[in-house]
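So the structure is just underneath, and the comments pick up after that.
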Amino acid sequence: MQDKLQELNERLARFLDLTGVNGVLQWDQETYMPSGGAQARADQMATIEELRHRIVTDEAIGRLLDELAPYEAELDYDSDEAAMIRVARREYEKRVRVPADLVAEIQRTASLGGVVWQQARAENDWAKFEPLLAKMVDLKTQWAECFAPYDNIYDPLLDDYEPGITYDQINAVFQGLKPHLVALVEQIRERQDAVDDSVLRREYDEQTQYDLGREMVEKLGYDFNRGRIDTSEHPFTIGFGLYDVRITTRADRYYLPSSLMSTIHEGGHAIYEQNVAPHFYRTVLGTGASMSIHESQSRFYENIIGRSRPFWAYWFPRVQEAFPHLADVDLETFYRALNKSEPSLIRIDADEVTYGLHIILRFELENDLFNGRVKVEDLPREWNERMGEYLGVVPETDAQGVLQDIHWSQGYFGYFPDYLLGSIFSVQLWDAMRQDIPDVTAQIERGEFEGVTGWLTEKVHRHGVKYTLPELAERATGQPLTWEPYMAYLSEKFGEIYGLK
């Protein structure tokens, strides 16, 4: 059966090659492409996406999977061969239900959508964006309907990013967590004067911010021989295989964490991709397992490491060297400022406590949208009302509200909950890491990150797509995904910062 498995991998390698090609076109569109190239780029990407779809849904793939089924049954579940067949079958059985022309049209609309979103956000013009979004919602509804019957039309969209996980499962986690987050936000609100973050809002040269971010992610383990950093309207990570994984960031001249934290966040994604086992190259296992596992890595590096005292004990002198006007600021003041918790409008700038409510809002809004309880034209109003209800702040403009994220323009419905699932999982990983590496905090304080990244590589990165989130949670931490450790982490950290009982 090895010859049939080899043939399966060879056929799917062409699918993966075209995935990388489309990725290069997307990266160029978000970084250097002139706006006038939008239509041509949309057509190019749609053509490639249709070719990808036809390769992976070829009847020959189906026959090979059928022929390999008895062999798969004999294999150990944890073997690479069994995982390759299992993941290939999951991809084939899902995609074969979707027409190729629908796949192409979604890609074409997504490519155009990114450009329209940028313009609409810059001009604070919801009306410019609404027709395209309505079209994308319709297309993604057609996609979801390919998987009927379902308990919830939102489930097939969630499955695109987190295989096997349903709305009900995610909602159970979020509803368990939500009241505790709301309570902690209220406790902190009563102690707002305890933390002053004005030191972060001085003037900071953008290029110096970029240079510092580059130093930090390289020290954390990002390999610039297989990656690069550029700027974009919305920071992102994109990989074209194990040997080319790129990130983007952006800087705010008057808010230092915007660039540093987004660079570390995207660096976490990229470090994950770069440390997938090399023998998974050009196989279906050769990338990140799911978006929540991906976000667990980016949120781990950004928050567990990047917003910790030990991390800044090492890095703050370097930051003061780069920005001499921070000479009057001590480490504790900087650390507390970096962790100031206060309800805010923009998700990517939100602190660890309020961030989860930003995600729950989007998760609930997407579910209502696809179940017909909210219409596209109602989104600005619904967004503002829910921001007021969940976080006590209301956007003055759509650019600060419903237009702030790129995801919907590209059809990424079902992605948002993975940010919070990943945050939850990141704490479970941290608890397990501290058990295995008792002096890990001291290592971080010395600027030694090999232990951190080495442990994550062993437990998470090297496995690629081999395991689902529930499987990886059990293997890496010894327990299922659960929100309680995450809430305990937030309560302890911010209870100490704000002097809460």
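Every read-out reported here was derived from the displayed coordinates using simple, explicitly stated rules and does not represent laboratory data. Note that this is a predicted model, so its numbers are computed, not measured. Here the Cβ positions follow ideal geometry from the backbone for every residue, glycine too, while neighbour counts run over all protein chains shown.
Of note:
- Size of charge dipole - the chain - debye, nearest 20, with Cβ of Lys, Arg +1 and Asp, Glu -1, no other charges: 260
- Taking other C-beta atoms within 10 Å as the exposure proxy, Lys493, Lys128 rank Lys128, Lys493 from fewest upward.
- The percentage of C-alpha pairs in segment 423-501 whose separation is greater than 16 Å is 57%.
- Close amide H pairs (under 5 Å, H built 1.01 Å from N) link Gly464 with Ala277, residues at least 5 positions away or on another chain.
- Amide H contacts for Asp252 (H built 1.01 Å from N in the peptide plane; partners 5 or more residues away or on another chain; cut-off under 5 Å): Ser258, Ser259.
- Fewest-first ranking of Lys466, Lys178, using other Cβ atoms within 10 Å as the exposure measure: Lys178, Lys466
- For the chain, with +1 on Lys and Arg beta carbons and -1 on Asp and Glu, the positive-most of Gln274, Trp27, Leu51 along the dipole: Trp27
- With N as its number of residues, segment 1-63 has a Cα radius of gyration that, divided by 2.2 N^0.38 Å, comes to 1.41.
- Over all other residues within a Cβ to Cβ distance under 9 Å of Ser232, the charged ones net out to -2, with Lys and Arg as +1 and Asp and Glu as -1.
- Summed residue charge, Cβ within 11 Å of His269's Cβ, Lys/Arg positive, Asp/Glu negative: -2
- Each residue of segment 341-350 is assigned a 3J(HN,Hα), and the resulting list reads 10, 7, x, 9, 7, 9, 4, 5, 9, 6 Hz, derived from the Karplus form 6.51 cos²θ - 1.76 cosθ + 1.60 (θ = phi - 60°), x at Gly and Pro.
- Lys/Arg +1, Asp/Glu -1 at C-beta; the chain dipole; positive extreme among Phe416, Pro380, Pro131: Pro131
- Set of aspartates and glutamates with alpha-carbon distance to Lys219 below 15 Å, sequence-local pairs under 8 removed: Asp211, Glu266, Glu302, Glu445, Glu448, Glu450
- Alpha carbon centroid spacing (whole Å) that separates segment 185-244 from segment 454-501: 21
- Between amide H atoms placed 1.01 Å from N, distances below 5 Å from Asp230 occur with Ile247, Thr248, Thr249, all of them 5 or more places distant or on a separate chain.
- For Val56, Val460, Val24, order by how many other beta-carbon atoms lie within 10 Å, fewest first: Val24, Val56, Val460
- Listed residue (Thr333, His407, Thr457) projecting farthest to the positive dipole end of segment 167-498, Cβ model: Thr457
- Rounded to whole Hz, the Karplus (6.51, -1.76, 1.60) HN-Hα couplings of segment 461-477, x for glycine and proline: 4, 4, 6, x, 8, 4, 10, 7, 4, x, 5, 5, 4, 5, 6, 8, 10
- Restricting segment 211-287 to GluC sites (Glu not before Pro) that sit in a DSSP loop and have at most 16 other Cβ atoms within 10 Å of their own Cβ leaves Glu233.
- Given Lys340/Lys501; Lys94/Lys140; Lys140/Lys466, the pairs whose alpha carbons are separated by over 21 Å: Lys140/Lys466
- Mean ellipticity per residue at 222 nm, deg cm²/dmol - from DSSP H runs of n ≥ 4 across the chain, formula -39500 (n - 2.57): -20500 deg cm²/dmol
- Segment 1-57 and segment 90-166: distance between their alpha carbon centers, rounded to Å: 17
- Positive minus negative residues near Asp28 (Lys, Arg vs Asp, Glu; Cβ under 11 Å): 0
- Under the Karplus curve 6.51 cos²θ - 1.76 cosθ + 1.60, θ = phi - 60°, whole-Hz ³J(HN,Hα) for segment 360-368, x wherever Gly or Pro sits: 4, 4, 5, 4, 5, 5, 4, 4, 5
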